[in-house]
Structures are given as structure tokens and as C-alpha cells.
Amino acid sequence: MKRKKLLIPSIATSLATMPFNSNNDTINSAKAETATPISELVVNPFDNYVYCQAVTAYTYAYPLLVLERTRQLISYSEGDKKTIQMNRFVPQERLLTAKDRNVVAPNQDTLYSSTYLDLSMGPLVFNTPDTNGRYYSASFVDMWDNIFTTVGKRTTGTKANEFVVVGPNWKGKTPKGVKVIKAPTSTVWLLIRTLVYPGENQNTVYELNKKFNVKTLNGKNPVVSEPRDMFLTINPVEKLTPTQFINEYNKLIKKYPAPKDEKLLQDQFTMLGLNNPNGMSKQYEEQIKRGFDDALTAITNKFRPKSWTYSPANQGKYGHDYFTRAVITNAGLPGLPKEEARYTVTYGDDTQTQLNGQNKYVLHFEKGELPDVKAFFSITLYKMDYFFVDNSINRYSIGDQTNGIKYNHDGSLDIYIQDHAPVGNESNWLPAPEDDFYLMMRLYNGGKSVLDGTYIIPAVKKVN
């Protein structure tokens, strides 16, 4: 009797859509548009099992390698660039413009300052200046791209403050009366975002960010140097061969052990070569390569919703949702947890047609229906390559902090989105390119309706 073929969803199709919350729907999983006969995928069922383990292993391990490579790339370095310095902040001097091409989808709201903390030699004291009511957030990110603590205006206020950051194995004493932040990994990415008021001298914020500092418990300079990992510096994680990927992971997992409750999962990867002193399994080389390739395809798949769609509710706090974690890691800088900021994007207008500068659009907010935020909101326009649009007024975003923005007589607000200035409404103009583009709205310190995703953002209406 001829055996009936089993059908399973394509891995790339099944994993390509993240669990975003849309204004119109909640997408929990991708619908398989195609199905591939299992006999065309594998030689035997066990090969298929190894392949599936490889998909899971790559998805799980990917953020660790990316965070380490990021550490190598952005840590302070002098002279020959062959060493990097830990515990030394690198403050951003100015907001990026359309001429800058080194950071994708940058914001126009805050200046960054960041450092990687080395807690292996003992605790560090993190000091924050008095920002005089100015919004800031300081996120502590472990080496698996999980945000485990955020301090700042929302959580600890804007007065000068002091925190002691300790590593996962610290057992000693800490100063009385000082809040202790316990890190899951011995290296932590500390990323600060400080609001730039529209029109102000950006050097004011740059100088303020220089006042954030770290020191040892006894007040000494904590800066330490180490050789730069030139291999990871030069080679993007996405370009590594399976053997290189596994070898790098095996080095890093010794330095940054994963949570104990993930040990059983990690044990399943030893057959592939992860957590295995023998390295990658030659026996399953073909299945590992296919699994890694398909996992990377799923992680890097670009989700382009045609209506306003919220970022995942678990952003920054992923738990065991390793796929969402990997996708957000691939997108760039760690996204803030939803309590701090909610992100939402659209590539389409009110007819769910791709936004394009050949058309004119209006984003209309009725009175009392502006975004439910306790801090501020902004709407940023990007070209399809994720960079700003060069324009005559050097405006790349607009929001409730924008200088000169005008409300209608009835209290409503119109944002004009087009490739040339709208006569009489220049103050509310968000310049567009002549071709396709998309919009991102950032909602800082959202209220209940933003946090639970029930706030309905008006559709971008085509008006020509």
C-alpha cells in the first residue's frame, strides 16, 4: 500500500510573523501559505528531528552572539582599536539626520549614552544626575537581550540617584540604603535615553548625559580594558558558518551561562555541538546547516503591516519566547519594555495600500483622542531602507513635543504627510519622499489603553 505523504508547514512561513497586536486583529501565529511534503524535506524522521533542533538552537543562541558582537563594536576604544574599554560611557553627541547611515530606524526624541558593565570583579555603583524633570530611562540589558531593570523618570524619578549593580554570583555586602540591582549575567549593557526638547541646543543634553557615571564600591575608576575580539568585530553573526556560530556560542556560554530553568533545553543541543567540547557534529552537518539557514530566514523576515500594528507586548521581557527575542535582537538596539515605550508601525493608508510620496495624506486625531501617554509621543517617517528622508526643513518626526505644532479650533490635530510643504499648514508637515515609505509611532510611558493595545490609532488617510 502506498504511504500517504504527511504535510508540515514551511518553517519560514510558520515563524515569519511575530505576535504583534494590530488595531484590527491579534496575530498569534503565521498561517502557512504553503506546505511541503515531509519526504521532500528529509531522508528519514530522525533527520527531521535534528533539523528542527537546529532551528530551535539557532533561534535560541542568536541574541547571545549579537549582543557580544555589539559589545565589540560600540565599546569605547582608543588608538589602534585593538582593545575595548568596559565601564566607560560613550555618549551620543547629536541626533542623527538623513546624512547618517550607520544606525537603522533611529529616533529623533532622545540622545543615547551607553556602556557595557563588567561585574566579574565586583559590584559597580551607577550614579544618575538630577535631570530637573526631563525624561530619561536607563535600561539594564543582560547578554541574552533581556531588559531586567529600567530606572528613570517613570520608575525612580529625575532627582540624582545611586544604585549598586551586582553580578549573578555576588555574595558580599553593599552600602546601606542604596538600591541593589542584581544582574543575570556578569556583563550588562547599560543603555540611557535622554529627551531632547525640540529646538534646544543638543549639546545641553550631551553634557547632561556625561554626568551619568559608574564607579567601584570604594569610589575608584572602574574602567578596564580587554583585547577586542577581531573575529566577531569583522564578521556579522548572520554570515557565520554553522561551525563558526557553534564555536562562538561555546566560548560565550561559559562566560554568560543561561538561566538554570533553560538547562534542559540546552541539553537537547549537545547533539548538534552546542555546549559540547567536541564542537559541531559532523554527522548531522547537512541538517544543522539547513536548520540554521531556515531559522535565520525566519528571524530576518521583514514584517510590513498595512495598518497600525503594535510591537510585541513582551518586548524586552521575553521569558521563553525565544523567537520574538531573536527578531527584536535582529532589528537593532534593545526595544524598551512596553511600560516604558510602546512602538507601532504602518506601511499602509486607510485602504491598506502602501504609503507613497506621490500621494498626500492626513493623520487626524479628534479632540480627546490623542495617544494615551504620560510622557510624550512622536511619529517618525522612514524610507523603505529604514533611514530618514532628506528634506528642506530637516524634520524627520513630529509629535506633541514639536515646536509650533498647531491644533484645530475644535481641539483636534491634523498631521500632513506629503513630499512638498502643505500651503498654510507647514507647521504640521511631516515631509515624505517621492516613493514608498513607512511610519513609526513611539508612545512613551503609555496609559492603560496603550499598554493593553486597545488604543486605536487613526488610519493614515489618503486625501488626493
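The values are calculated or read from the model by the stated rules, or taken from the named source; none is laboratory data. Keep in mind the model is a prediction, meaning the values are calculated, not measured. Positions of Cβ are generated from backbone atoms using ideal geometry, with glycine treated the same way; all protein chains shown enter the neighbour counts. Accessible surface is based on the protein model in full, side chains and every heavy atom, while ligands, DNA and RNA are left aside. Shrake-Rupley method; radii C 1.70, N 1.55, O 1.52, S 1.80 Å.
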With every protein chain in place, the stretch 303-423: carbon and sulfur % of accessible area (1.4 Å): 49 percent
Lys, Arg +1 and Asp, Glu -1 on Cβ, resulting dipole of the chain about Cα centre, debye, nearest 20: 1360 debye
Difference of contour (0.36 nm per residue) and Cα-Cα distance, GLU369 to ALA98: 94.5 nm
Estimated vicinal HN-Hα couplings, Hz - the stretch 339-345 in sequence order (Karplus 6.51, -1.76, 1.60; Gly, Pro = x): 5, 8, 7, 10, 10, 9, 10
Distance from the stretch 256-327 to the stretch 415-454 (C-alpha centre basis), Å: 34 Å
In Hz, Karplus ³J(HN,Hα) per residue of the stretch 225-233 (6.51, -1.76, 1.60; θ = phi - 60°; x = Gly, Pro): 10, 8, x, 6, 7, 5, 5, 6, 4
Contour excess over end-to-end distance, with Cα ends at THR241 and VAL90 and 0.36 nm allotted per residue: 51.2 nm
Cα-Cα P(r), the stretch 41-130, percent of pairs per 5 Å interval: 2, 9, 12, 15, 15, 13, 9, 7, 6, 6, 3, 1, 0
Distant-in-sequence amide H partners of SER281 (H built 1.01 Å from N, under 5 Å): GLY273
Binned Cα-Cα distance frequencies in the stretch 76-126 - 5 Å width, integer %: 4, 16, 19, 19, 18, 15, 7, 2, 0
Potential lengthening between GLU207 and LYS289 on full extension [0.36 nm per residue; Cα-Cα distance subtracted]: 24.7 nm
Descending Cα extents along the principal axes, the stretch 310-449, whole Å: 51, 33, 29
Per-selection Rg to Rh, the stretch 219-270 - Cα, Kirkwood hydrodynamic radius: 1.10
Sequence ranges 381-388, 63-70, 253-260, ranked by mean other-Cβ count within 10 angstrom, highest first: 63-70, 381-388, 253-260
Phi to ³J(HN,Hα) by Karplus 6.51 cos²θ - 1.76 cosθ + 1.60 over the stretch 399-411, Hz, x for Gly, Pro: x, 6, 9, 5, 5, x, 4, 10, 9, 6, 4, 8, x
Cα convex hull of the stretch 369-464 - mean projected area over all directions, nm²: 7.0 nm²
Cα-derived Rg to Rh of the stretch 242-383, Kirkwood definition: 1.10
